[in-house]
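Structure, as structure tokens:
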Amino acid sequence: MIAETVCAAVSVAGLGIAAITAYRKRFLRATRIAAYSLVPLGLVMTGVVEWVADTAFSPTAWAGFGVLGAAWFLFVTTRAVERRRGGTGKARKEAAAPRAEAIAPTASAPSLGRGTPPAARPAATPRAAGRPTGSGASGADDFSDIEAILKKHGI
């Protein structure tokens, strides 16, 4: 009885706050506040609050929650052990068994082939002590690699 009264009071207070918010021309926020404030009243009217109150003080319900918790714990534990071992026993046996033939014996060769090996890069030469790092010769070398890559891709 007291839970229903508290829920009704919370709903009325929330609707009052929503009315004040709407008076301040914040209609979207007022609508959202009104929606939240009607939830406790709806829970009381549907009987959810009474069911929760009966469940909270029922030793049978708490024993049921304990059994559910134990089942959940066992499930999680077995999943963890299964993952550490690398799957179920059946899956491990199938993976270890030799296969008589390839997965797709009639599959064609790859469409792209092996391709060409990457071009060999020239060995780096040490820079002269008096030469600045941004000189034109070394910059051209850097761009030649980029140009070769772009030409290779047709850009």
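Ignoring lysines fewer than eight residues from Lys90 along the same chain, none have Cα atoms less than 19 angstrom from its Cα. Taking Lys and Arg as +1 and Asp and Glu as -1, the other residues whose beta-carbon sits under 13 Å from that of Gly47 total -3. For Arg26, no residue whose modelled amide H falls within less than 5 Å of its own remains once neighbours fewer than 5 places apart on the same chain are excluded. Using a probe of 1.4 Å on the protein chains alone, the accessible area found for Leu68 is around 110 Å². The distance between label points at Ala70 and Val48 comes to 3.0 nm (points 7 Å beyond Cα on the Cα→Cβ vector).
Solvent exposure of Val49, expressed as accessible area, is near 30 Å², computed with a probe of 1.4 Å over the protein chains only.
The values are calculated or read from the model by the stated rules, or taken from the named source; none is laboratory data. Just so it is clear, the model here is predicted, and its values are computed rather than measured. All Cβ positions, glycine included, derive from the backbone under ideal geometry; neighbour counts span all protein chains shown. Accessible surface is based on the protein model in full, side chains and every heavy atom, while ligands, DNA and RNA are left aside. Shrake-Rupley method; radii C 1.70, N 1.55, O 1.52, S 1.80 Å.
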